[in-house]
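First the structure, in the form of structure tokens, and then the observations on it.
The values are calculated or read from the model by the stated rules, or taken from the named source; none is laboratory data. No experiment lies behind these values; they were computed from the predicted model shown. Positions of Cβ are backbone-derived with ideal geometry, glycine not excepted, and every protein chain shown enters the neighbour counts. Note: areas computed on protein heavy atoms with side chains; ligands, DNA, RNA excluded. Shrake-Rupley method; radii C 1.70, N 1.55, O 1.52, S 1.80 Å.
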Amino acid sequence: MAELTKEEVKHVAHLARLAITEEEAEKFALQLGAITEFADQLKELDTTNVEPTTHVLPLVNVLRDDVATKGLDREKMMLNVKEQEAGQVKVPSIMD
């Protein structure tokens with residue numbers, strides 16, 4: 001098992017501004033030791049033909065390309081406007 005001392009755990013806790021007790025430092029030292037041991041086991045795997053990846057699932061961008069397209073025909077759009085003035089859509093005032 002990769003050893004982590006209580007002092008190292010307390011030092012990391014201090015850097016993270018965490019207050020831990022002696023019992024917690026001992027418990028976390030054992031848990032962190034188990035985690036680093038597992039990480040060391042991963043080094044034994046042969047990853048020669050494994051391509052690096054950033055995500056475990058194949059993600060696809062569902063958004064359309066940001067391409068400018070022609071908008072609504074102004075004359076056609078103004079046919080649906082309730083009130084208009086000088087070619088602009090007239091809306092109720094929202095400020096006094």
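Looking for whichever is of a type in the set (D, E) and over 34 Å from the mean Cα position of the chain (by Cα) here; the options are E51, E75. Which one fits?
E75 is the lone residue from the list that is of a type in the set (D, E) and over 34 Å from the mean Cα position of the chain (by Cα).
Just checking: which of the helices (runs of 4 or more DSSP H) contained wholly in the range 1-95 hold 2 or more residues that are open to solvent by less than 100 Å² (accessible area, probe 1.4 Å) and touching a residue at least 24 places away in the same chain (Cβ under 8 Å)?
Where helices (runs of 4 or more DSSP H) fall fully within the range 1-95 and carry at least 2 residues being open to solvent by less than 100 Å² (accessible area, probe 1.4 Å) and touching a residue at least 24 places away in the same chain (Cβ under 8 Å), they are 22-42.
May I ask you to verify whether L4 is modelled with pLDDT under 90 and over 27 Å from the mean Cα position of the chain (by Cα)?
Criteria met by L4.
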